[in-house]
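Each value in this text was obtained by applying a stated rule to the coordinates, not by laboratory testing. This is a predicted model, so every value here is computed, not measured. Cβ placement follows ideal geometry from the backbone for every residue including glycine, while neighbour counts extend to all protein chains displayed.
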Amino acid sequence: MKGSVLARWFGDRQLNFLLAVNLLVVLVAIWLSHGLFVGIDNLQSMGSQLPEVALLALGIMLSMLSGNGGIDLSGVGLANLSGMIAALVVPKFVNGDDSPVLYTTLFCAIVMGMGLLGGLFNGIVIARLRLTPILCTLGTQLLFTGFAVALSNGASVHVDYVEPLADISNGTFFQVPISFILFVAVVLLLGWLLRRTPFGLRLYLMGTNQRAAFYAGIPRARMLIATYAMCGVLASLAGLVSVSHTLSAKWDYGNSYLLIAILIAVMGGVNPAGGYGRIICVFFAATVLQFLSSLFNLMGVSQFFGDCAWGFLLLLSLAFAGGERVRSIFGLAAAQPAGSPRPPG
């Protein structure tokens, strides 16, 4: 049993590549920064920054697993809208100075509720109207962003300092950032859901072969709705972390996060054609980008060079992923020839 677990871990080329790159980046960073990289302040800073974009990457992973070119581009817009609505609504009902715990609880509930509603909207439109996911979520991204602009008149919405809320992103538990603990909990929960539950097995099968999934009796519409609802909740969690970190919400916050989240998912070995992806690989893909970003900041390196490094890492990860997965990225249409029948509903 133990041998099979080790074989599964070290038999994955993508995982081996990501582990090696993480180790290499850390060793180089320690050398170049003369040990500052592994200082407690820098480690806590990296741990608190990682969840914002990594949670979005998990949502991208789930949407990709569903197959048929599935991808959720609305995450950043939904994250900003969720945080903004909570920031506008909660102070009207609860005073943070008088009831900080109630304020934080209501704030979190509204953020999560908005993420769930936005994700359900995406899923229903994609499943019931049979729209292409990338085009549908591009449209809802603009819709969510437009609502946020209208609500705030394009300005930033201030969030009062309430200690329990601020601690979500700025606090620590035994020197470990609370937001990082939250992210690890989400990773473990999703890993269990995808590997140990019927939902996960159905999602992988649906992404691998939609026709086989249809004849196996898997309800495609309900699966898509549930999957994009989870993507919405993950996006709202990212929004909660960002709002508690900056104590403000703005419609254009984290615009660059979408491309980075997609990069993390693809670099983590998630098959854009659906049916394959490992949570552990996405986790290590997120950490290597965070390590590099922190190293560049410590060394005062231009962000333009960082963009170049992201692209180089993506090409390297695709090379280690194997030819089949690389071809799927550029040949989604080839996987289902024009005119081939599609399973109903």
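Arranged from fewest to most other beta-carbon atoms within 10 Å of their beta carbon, CYS308, CYS136 become CYS308, CYS136. Label point of ARG195 set 7 angstrom out along Cα-Cβ; within segment 59-90, no amide nitrogen lies under 13 Å from it.
Put simply, the chain fits an ellipsoid with semi-axes of 31, 28, 18 Å; these come from the alpha carbon gyration tensor as the roots of five times its eigenvalues, largest first. Between LEU23 and ARG130, full extension at 0.36 nm per residue minus the direct alpha carbon distance yields a gain of 34.2 nm. Given their separation in residues at 0.36 nm each and the Cα-Cα distance between them, ASN255 and THR105 gain 51.3 nm when the chain is fully extended.
Near ARG128: Cβ cut-off under 15 Å, other residues only, Lys/Arg at +1 and Asp/Glu at -1. The net charge is +3. Take every Cα pair under 8 Å whose residues are at least 6 apart in sequence, average their separation, divide by the length of segment 168-251, and the relative contact order is 30 percent. Please find the FRET efficiency linking LEU116 to MET299, where r is the Cβ-Cβ separation and R0 is fixed at 51 Å, and quote it to the nearest 0.05. Efficiency for this residue pair is about 0.80.
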